[in-house]
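Notes follow once the structure below has been shown.
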Amino acid sequence: MTSKDNLPTPGTPTGPKAGSGKPAAKRPAVKSARRRAREHALQSVYQWLLTGDELAVIDAHTREQEGFDKSDRGHYDKLFNGAVEEAASLDEVLARHADRKTTELSPIEHAILMLGAFELKHCIDIPYKVAINEAVELAKSFGGTDGHKYVNGVLDRAAEDLRPVEVKAARG
């Protein structure tokens, strides 16, 4: 067999053959418009927590970011503005289920928890497990090493307060 014989033809999968013992190459994940909206909202809430800048300034900066045009702008607006407007009440909910004050959390995990709690409270079209999972994914991408475990635990307990009927039905 010549080296030319080893080259894939156009349109042919390039991953290893089944049973070769080699892991298949991962395709880059295609992010949904909502996932992108959550990421941009996270960056905005994080900036607000750190700087206290005016929301309009933060919002304008975020909208200039690469990829913003691919996000669900309505969901971004709802998450960013809602989480900031309800920061105190969201922190009250989170404080009941966290092992420390929200002011003692890392700002990125605090922002993720705020967004997750906001989605649990106001985005009832999104199943509670999905809202928690999306927050966990944000924590895996942007948070500390085991921050996703913390986010999962806090939001799982908060869901009992924010969506008691749905949680009870899911847990049987």
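What follows draws every value from the coordinates through simple rules; no lab data is involved. Everything numeric in this text was worked out from a predicted model, so none of it was measured. Glycine also receives a Cβ, built like all others from the backbone with ideal geometry; neighbour counts cover every protein chain displayed.
Across the stretch 93-103, computed HN-Hα scalar couplings (Karplus, 6.51 cos²θ - 1.76 cosθ + 1.60, θ = phi - 60°) run 4, 5, 4, 5, 10, 9, 8, 7, 5, 5, 5 Hz from first to last residue, x flagging Gly and Pro. Taking 0.36 nm per residue of separation and subtracting the current Cα-Cα distance, fully stretching the chain between residue 133 and residue 156 would add 7.3 nm. This model, with +1 at the C-beta of Lys and Arg and -1 at the C-beta of Asp and Glu, gives the stretch 32-171 a dipole about its Cα centre of some 540 debye. Between the stretch 41-81 and the stretch 119-172, how far is it from one alpha carbon centroid to the other, in angstrom? Each part reduced to its Cα centre gives a spacing of 21 Å.
Neighbour counts of C-beta atoms inside 10 Å place 84, 93, 30 in the sequence 30, 84, 93, starting with the fewest. Placing R0 at 22 angstrom, the Cβ-Cβ distance between residue 30 and residue 140 gives a FRET efficiency of 0.80 after rounding to 0.05. When each of 118, 80, 68 is scored by the number of other beta-carbon atoms lying within 10 Å, the sequence from fewest to most is 68, 80, 118. Placing a label point 7 Å from the Cα of residue 63 along the Cα-to-Cβ direction, the residues of the stretch 31-49 whose backbone N falls under 20 Å from that point are 33-49.
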